[in-house]
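The values are calculated or read from the model by the stated rules, or taken from the named source; none is laboratory data. These numbers come from a predicted model, not from an experiment. Every residue, glycine as well, gets a Cβ built from its backbone with ideal geometry; the counts of neighbours run over all protein chains shown. All accessible areas refer to the heavy atoms of the entire protein, side chains included, with ligands and DNA or RNA removed. Shrake-Rupley method; radii C 1.70, N 1.55, O 1.52, S 1.80 Å.
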Amino acid sequence: KIITLPQEYILITAKISGTTLLIWYVLSNTNVAEILDLITQIDLRYLCAAVTLQGLLSFLQAYRWHVILRSISRPIFFLDSWVNVLLGLCFNQVLPSSVGGDAVRFYYCRNLGVGIGLASILADRVYALLSLSLVCCVVMVFIWIPSQNDKISQSYFWIFWVIISSFIVGWMSIK
């Protein structure tokens with residue numbers, strides 16, 4: 001009598017085997033003693049600060065994505081949006097590019113029933129880029145420009161105010 005395994009078991013076995021082989025390959029080419037030495041030298045204050053900041057940033061990113069979904073009439077629970085962001089961050093840390101995390105987030109969107117997951121994730125990326133640009137402009141105005149005394153620096157100052165005005169007008173148009 002031939003025993004057939006369900007396809008799920010075969011798939012899980014293949015995933016576990018592939019993961020085990022990859023971990024073995026990485027560890028076989030790694031000096032484990034050196035890594036353990038580096039780990040023991042970590043200052044716990046910095047580690048706690050890094051973990052806290054990463055948690056706060058993931059919380060803020062989840063809130064941003066939650067607001068985007070709510071604004072397009074696709075509300076989900078905040079905890080689901082946070083899990084989605086954490087899954088994306090996890091895969092961004094493991095995979096060599098940041099696209100992998102967005103792909104996982106998109107796949108998880110399908111499981112949540114968010115019909116326009118890709119558009120909402122792209123909108124989240126655009127808002128993140130705009131926010132980062134705004135932070136860079138603020139830093140440039142308050143740190144770099146006062147130390148300069150030429151025409152180029154003064155033109156950056158006016159570019160900054162045009163960008164700030166654009167953000168304010170855009171924000172007011174959303175409200």
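Is it fair to say F77 is surrounded by 13 or more Cβ atoms within 10 Å (Cβ to Cβ) and out of contact with any Lys or Arg (no Cβ under 7 Å at 6 or more places or on another chain)?
In short, no.
Quick check on the range 23-33. Is at least one of its residues surrounded by 11 or more Cβ atoms within 10 Å (Cβ to Cβ) and modelled with pLDDT of 85 or more?
No, that holds for no residue.
When both residues are 6+ apart or on different chains and their Cβ atoms are under 8 Å apart, which pairs have a first residue that lies in the range 111-131 and is acidic (D, E), and a second that is open to solvent by 60 Å² or more (accessible area, probe 1.4 Å) and part of a helix (DSSP H, G or I)?
Pairs that qualify, where the first residue is acidic (D, E) and the partner is open to solvent by 60 Å² or more (accessible area, probe 1.4 Å) and part of a helix (DSSP H, G or I), are D124/R64.
Examine the range 42-56 for a residue that is open to solvent by less than 40 Å² (accessible area, probe 1.4 Å) and either under 30 Å from T19 (Cβ atoms) or touching a residue at least 60 places away in the same chain (Cβ under 8 Å) (or both), and state whether such a residue exists.
yes
Could you tell me whether the range 10-30 includes any residue that is under 24 Å from L132 (Cα atoms) and of a type in the set (F, W, Y)?
Start the filter on the range 10-30 by keeping residues that are under 24 Å from L132 (Cα atoms), which leaves none.
For the range 10-30, residues under 24 Å from L132 (Cα atoms) and of a type in the set (F, W, Y): absent.
Could you tell me whether L56 is hydrophobic (A, V, I, L, M, F, W, C), assigned to a helix (DSSP H, G or I), within 19 Å of the chain's Cα centre (by Cα) and over 20 Å from V126 (Cβ atoms)?
Yes: the conditions hold for L56.
Out of all the residues in the range 152-174, is one or more at pLDDT below 80 and outside any helix (DSSP H, G or I)?
Taking every residue of the range 152-174 in turn, none turns out to be at pLDDT below 80 and outside any helix (DSSP H, G or I).
Out of the residues in the range 114-125 meeting the condition of being outside any helix (DSSP H, G or I) and open to solvent by 60 Å² or more (accessible area, probe 1.4 Å), tell me which one is nearest to Q61 (Cα to Cα). Let's see the steps before the verdict.
Taking the range 114-125 first, the residues outside any helix (DSSP H, G or I) are 114-116.
Now drop any that are not open to solvent by 60 Å² or more (accessible area, probe 1.4 Å), which leaves 115-116.
Numbers: G115: 20, I116: 18 Å.
Going through the qualifying residues, I end up with I116.
Please give the number of the condition S73 fails out of (1) out of contact with any Asp or Glu (no Cβ under 6 Å at 6 or more places or on another chain); (2) assigned to a helix (DSSP H, G or I); (3) of a type outside the set (V, I, T).
(2)
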